[in-house]
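S.K.: Here it is, the structure in full.
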Amino acid sequence: MQSSDRGTVLMVGETIDGRLSAGSGDLGKQALKLAERLGGRPVGVLTGYGSDEPARTWSASAGISVIVLEHARCRFPNPSMTASGVAGLVDEYAPRAVCFPHTMRACQAAATLSWRLNVPCVTAVEAIAEKNGHFELKRSIFGGKLCRTVSVGTTPLVMTIMPGTGSPSMPTAVPDVPLPVAIRRLPDTDPGAIPRRIDRRKEADQALKKAQVVVAGGRGLGTPEQAGLLDTVAAMFKSAAVAGSRGACDLGWLPHSRQVGETGRTVAPALYLACGISGAPQHLAGMRTSQTIVAINTDPDAAMLKVAHYAVIEDLGRFLPALREQYEKMTDKGRRL
Ligand SMILES: Cc1cc2nc3c(=O)[nH]c(=O)nc-3n(C[C@H](O)[C@H](O)[C@H](O)COP(=O)(O)OP(=O)(O)OC[C@H]3O[C@@H](n4cnc5c(N)ncnc54)[C@H](O)[C@@H]3O)c2cc1C
């Protein structure tokens, strides 16, 4: 691979126990599109252990060359070792941009890298363009209500990109010839914390995945006691589960195993009731493909309403008990919908 190519765009994916992580899935295609837009050459970077197979698959499906940074301590995502390894590639390739998927672990690696290189880091990028030699990056703020454009003139730019950003609207032509996949072993530097495993919390996963109806609550619940309202509504249905936004889970109102979104579970039930959830992109990433979405929110401008099929502009503390009351009037005792 050529070095010192100022047009290089490094796309850093991650593997978990020898498999490409879900967040890295469409990174390869995004790399092609971004590199095309920035007039550069995409190079994929994967950290992991025993990751040559996913690297070859990634390279073949996206049509990019891939460098694997290998170490046993990277079997599970290791942000500090990823940052050190990528810093070495930045010295070698002098890239214009280094892109990570917008996941919790990749955000840690991106922040560490930007600190090491003393360059800006922009997170949760949704669109990218170039104007007068500056990167123009769009990102959502205030739970998706406003869109902010950030202009950055220094390189390399470190950024985390939202799923779908830069995805080609037309399929990108992938070369028939295999592109190089280079395996490099990371040095045995002080690793800091070594990630040992990732708990998948199978039980909660299954309950949420199988449920036909998901009743989800956010910070709009207001108090932990109000979370009980979600249970009374879920009990109306034969196949239902209670879930929450990260806002509600971080406050301890619902268990983290029930968090829906980019850093939680992904669900696509027949009915998703979003109660007091603003609709931040990270939450939408985990539920926007639900068949029917009903938003219950006091704010008519909440981002959730843009993806919802039906909206109830009302205090959930009034609406949910009224819904339950109607259900009890209309159905025989104990009969579930
Ligand atoms: C790297 C990263 C990963 C993330 N991953 C996730 C993730 O996986 N899942 C996730 O959910 N978030 C995630 N987030 C956080 C996300 O950006 C938002 O901060 C979070 O989703 C907001 O939670 P919320 O909608 O409950 O709270 P808020 O944004 O505070 O929204 C509360 C909503 O409730 C409404 N409301 C208030 N009172 C009432 C009432 N009485 N009745 C009805 N409505 C009411 C308000 O109008 C508002 O719309 C992530 C963030 C980052 C940076």
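S.K.: Counting only residues that are among the small types (Gly, Ala, Ser) and near the ligand (Cβ under 8 Å from one of its atoms), how many does the stretch 229-269 have?
M.R.: Selection size over the stretch 229-269: 6.
S.K.: Right, here's the next one. Would you be able to say whether some residue in the stretch 149-169 is modelled with pLDDT of 90 or more, over 30 Å from residue 296 (Cα atoms) and touching an Asp or Glu at 6+ places or on another chain (Cβ under 7 Å)?
M.R.: yes
S.K.: Another question, then. Could you look through the stretch 52-90, keep only residues that are more than 17 Å from residue 20 (Cα to Cα) and open to solvent by 40 Å² or more (accessible area, probe 1.4 Å), and pick out the one that is farthest from the ligand (Cβ to nearest atom)?
M.R.: The initial filter retains those residues of the stretch 52-90 that are more than 17 Å from residue 20 (Cα to Cα), namely 80-81, 83-90.
If we keep only those that are open to solvent by 40 Å² or more (accessible area, probe 1.4 Å) too, we end up with 80, 84.
Working: 80: 18, 84: 22 Å.
Within the stretch 52-90, the match that is farthest from the ligand (Cβ to nearest atom) is 84.
S.K.: Restricting to the stretch 113-159, give me the number of residues that are open to solvent by 30 Å² or more (accessible area, probe 1.4 Å) and under 20 Å from residue 84 (Cα atoms).
M.R.: Within the stretch 113-159, residues that are open to solvent by 30 Å² or more (accessible area, probe 1.4 Å) and under 20 Å from residue 84 (Cα atoms) number 8.
S.K.: Out of all the residues in the stretch 284-299, which are open to solvent by 70 Å² or more (accessible area, probe 1.4 Å) and touching a residue at least 60 places away in the same chain (Cβ under 8 Å)?
M.R.: First pass over the stretch 284-299, keeping only residues open to solvent by 70 Å² or more (accessible area, probe 1.4 Å): 288-289, 291, 298.
The answer is 298, and nothing else.
S.K.: Using the structure shown, decide if residue 202 is closer than 30 Å to residue 235 by Cβ, surrounded by fewer than 16 Cβ atoms within 10 Å (Cβ to Cβ) and modelled with pLDDT of 80 or more.
M.R.: Numbers: closer than 30 Å to residue 235 by Cβ: yes; surrounded by fewer than 16 Cβ atoms within 10 Å (Cβ to Cβ): yes; modelled with pLDDT of 80 or more: no.
Judged against the criteria, residue 202 is not a match.
A quick yes/no check of all residues on (1) within 23 Å of residue 146 (Cβ to Cβ); (2) outside the structural domain of residue 235 (by TED's automatic domain parsing); (3) within 11 Å of the ligand (Cβ to nearest atom):
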{"site": "284", "(1), (2), (3)": "yes, no, yes"}
{"site": "289", "(1), (2), (3)": "no, no, no"}
{"site": "305", "(1), (2), (3)": "yes, no, yes"}
{"site": "313", "(1), (2), (3)": "yes, no, yes"}
{"site": "320", "(1), (2), (3)": "no, no, yes"}
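S.K.: Confirm whether residue 189 is modelled with pLDDT under 80, touching an Asp or Glu at 6+ places or on another chain (Cβ under 6 Å), open to solvent by less than 80 Å² (accessible area, probe 1.4 Å) and not acidic (Asp, Glu).
M.R.: no
S.K.: Evaluate the following for residue 261: is it among the small types (Gly, Ala, Ser) and within 21 Å of the chain's Cα centre (by Cα)?
M.R.: Details: among the small types (Gly, Ala, Ser): yes; within 21 Å of the chain's Cα centre (by Cα): yes.
Yes.
S.K.: Can I ask one more? Residue 272 passes all but one of (1) more than 9 Å from the ligand (Cβ to nearest atom); (2) within 13 Å of residue 261 (Cβ to Cβ); (3) open to solvent by 10 Å² or more (accessible area, probe 1.4 Å); which number fails?
M.R.: (3)
S.K.: Taking the stretch 91-112 as the region of interest, how many residues are over 19 Å from the mean Cα position of the chain (by Cα) and buried (at least 19 other Cβ atoms within 10 Å of the Cβ)?
M.R.: The total comes to 4.
S.K.: Grab the strands (runs of 3 or more DSSP E) fully contained in the stretch 239-337, keeping just those with 1 or more residues being over 13 Å from residue 214 (Cα atoms).
M.R.: Numbers: elements: 240-244, 271-275, 292-297, 310-313.
Of the strands (runs of 3 or more DSSP E) lying wholly inside the stretch 239-337, those with at least 1 residues that are over 13 Å from residue 214 (Cα atoms) span 292-297, 310-313.
S.K.: Name the residues in the stretch 209-238 that are in a helix (DSSP H, G or I), surrounded by fewer than 16 Cβ atoms within 10 Å (Cβ to Cβ) and charged (D, E, K, R), would you?
M.R.: 209, 210, 225, 231
S.K.: Given the options 322, 302, 311, name the one that is modelled with pLDDT of 95 or more and buried (at least 18 other Cβ atoms within 10 Å of the Cβ).
M.R.: Details: 322 fails: buried (at least 18 other Cβ atoms within 10 Å of the Cβ); 311 fails: buried (at least 18 other Cβ atoms within 10 Å of the Cβ).
Only one candidate passes the filter, namely 302.
The values are calculated or read from the model by the stated rules, or taken from the named source; none is laboratory data. Keep in mind that this is a model prediction, so the values were computed, not measured. Neighbour counts are summed over all protein chains in view; Cβ atoms, including those assigned to glycine, are modelled from backbone coordinates with ideal geometry. For accessibility, only protein heavy atoms count, side chains too; no ligands or nucleic acids. Shrake-Rupley method; radii C 1.70, N 1.55, O 1.52, S 1.80 Å.
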